[in-house]
Amino acid sequence: MFRTRTAIAALAAGSLLVLAGCSSSSPEPAATFDPDEEVSIDFAWWGNDDRANRYNELIAAFNEEYPNITVNTTFTDFPSYWEQRQIESTGGNLPDVFQFSDSYLRQYGETGNILDLNEVADFIDFTTFDEGLLGTGRLGDAQYSLPTGFSLWANFVNDDLLAAAGVDVPEGGTTYEEFNEWMAEVTEATGGAPFGGTDYTQRIQVFELQLRAQGESLYTEDGELGFTEDQLTEFWESGAGIRDGVTIPQQQLEEISPISGFGATRTASEMSWSNFLGGYLADSGSSSITIVAPPTDEPDAKDLYRQGGLQVAISANTEEPEAAAIFLDYVVNSEMAGEIFGTTLGFPASSSKLAGAALEGPDLQVAEYIESVEDRIGDTPPPAVVGYGSLEQKFWDLGKELGLGTKTVDQAVSEFFAEADVILG
């Protein structure tokens, strides 16, 4: 068995995670919290049934320690989740605790919708986090959220489907043209059952990696877009060849949503964050999924980065800030969270959570993938611009419309920049 401390040594040696000297103990509740008082808090997250089962198991363990804190839960898919949070933030009634994203840090932090965790510091242990990972949830001196872990962009391939098709696993870090040829080979071999992959030009993260490979970025330090209409046009036009019979038709994806084409075994590959491995295994029922490095046209580029995007935050209007903080601390810091979630919420960001994670099976696979692409990891982008989450969703929606044929590339580019003008002012 590969236990956590062995993994910490290996990863730290590769500069993947620096947590040396961090305490793994949780803070003792301050006297202002009455452990005998019955309280109730709401907790919301996005994800699939696998994540829901893990959260339910974690909450059951939490209630063994804090039987007086009732945790009411809701979850949905990613797009619906943020639509609901937007409605709630307008009315000032966000859930007490909710799964958060660094994409929305400025949008929710600068508008006073989420609590500065420094106000409940007696109930949260911050010393278990590396300073760089703390920064993924910080604006100025305010610590608005804490990461559950970090992830890297990755390319997943279903070994069972490839074996049945008689096609080899693709090499990691190929050019985009080479990867497109591989997807076409799969689709031809199977007759589209499954397709070689999904149209990756729908994802703003792939566009971001291509920009980073050229020394550019999605947005500037001043909160403006870091790319031009011509660059976006070129990117979306590059997907025309794979949208025409190589990747799964968008209409099929609409029919199985919110499960992805890869999760439903309709595709043999899909790009996403490394922490998706557990969910993909659960959704697909596959016995084996391989993670390879995503394509790049610049082999020496530092296009990948540690994304501490999946975070946990507390509503600024919660009526139970102490109970909410105690639960948040349990989610991000407890060894039980590490044991139950492994790497499915990202590679554990805190030393105490990591101490509970047995890195074996899929979790070890994610750790090994992170180590394998160390040479491609560059600087983490600055906090996302206000409205980045909305821009990310707009990008995805327009990519889907390109797949459905309801918009041309020129129309999609014009609509995206018009939306950006409104959101970014």
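Just a few scattered comments:
- Overall, the accessible surface of the chain at a probe of 1.4 angstrom is composed of carbon and sulfur to the extent of 46 percent.
- Spatially proximal lysines relative to residue 407 (Cα-Cα < 30 Å; intrachain offsets below 8 disregarded): 394
- Here the peptides 64-75, 256-267 are ranked by packing, the mean other Cβ count within 10 Å, and the order with the highest first is 256-267, 64-75.
- Residue-span extension gain [residue 229 to residue 297] - 0.36 nm each, minus C-alpha spacing: 22.4 nm
- Of the options [x] -0.57, -0.96, -1.08, -1.20; [y] -0.39, -0.74, -0.89, -1.05; [z] -0.43, -0.84, -1.01, -1.19, only one is log10 I(q)/I(0) by the Debye sum over Cα atoms at q = 0.08, 0.11, 0.12, 0.13 Å⁻¹ as computed from these coordinates, and that is [z].
- Look at where the Cα atoms of the stretch 244-305 and of the stretch 336-413 average out, and the two centres are 12 Å apart.
- A crude spin-label estimate for the pair residue 221 and residue 141, with each label 7 Å from Cα along the Cβ direction, gives 2.2 nm.
- Using just its DSSP H runs of length 4 or more, each adding -39500 (n - 2.57), the chain gives a mean residue ellipticity at 222 nm of -12500 deg cm²/dmol after division by all residues.
- Distance between modelled label sites at residue 40 and residue 80, nm, 7 Å Cα→Cβ extension: 2.3 nm
- Accessible surface for the chain, divided over its residues, is 41 Å² per residue with a 1.4 Å probe.
- Peptides 91-101, 49-59, 144-154 ordered by average Cβ neighbours within 10 Å, highest first: 144-154, 91-101, 49-59
- Computed label-point distance, nm, for sites residue 287 and residue 73 using a 7 Å Cα→Cβ extension: 3.1 nm
- Among the GluC sites (Glu not before Pro) within the stretch 192-295, those in coil by DSSP and having at most 14 neighbouring Cβ atoms inside 10 Å are 216, 221, 224.
- Pairs of Cα atoms nearer than 8 Å and 6+ residues apart set the relative contact order; for the chain it is 28 percent.
The values are calculated or read from the model by the stated rules, or taken from the named source; none is laboratory data. If you're wondering where the values come from, they're calculated on a predicted model, not measured in any experiment. As a convention, Cβ positions derive from the backbone with ideal geometry for all residues, glycine included, and neighbour counts pool all protein chains shown. Surface areas here come from the heavy atoms of the whole protein model, side chains and all, with no ligands, DNA or RNA. Shrake-Rupley method; radii C 1.70, N 1.55, O 1.52, S 1.80 Å.
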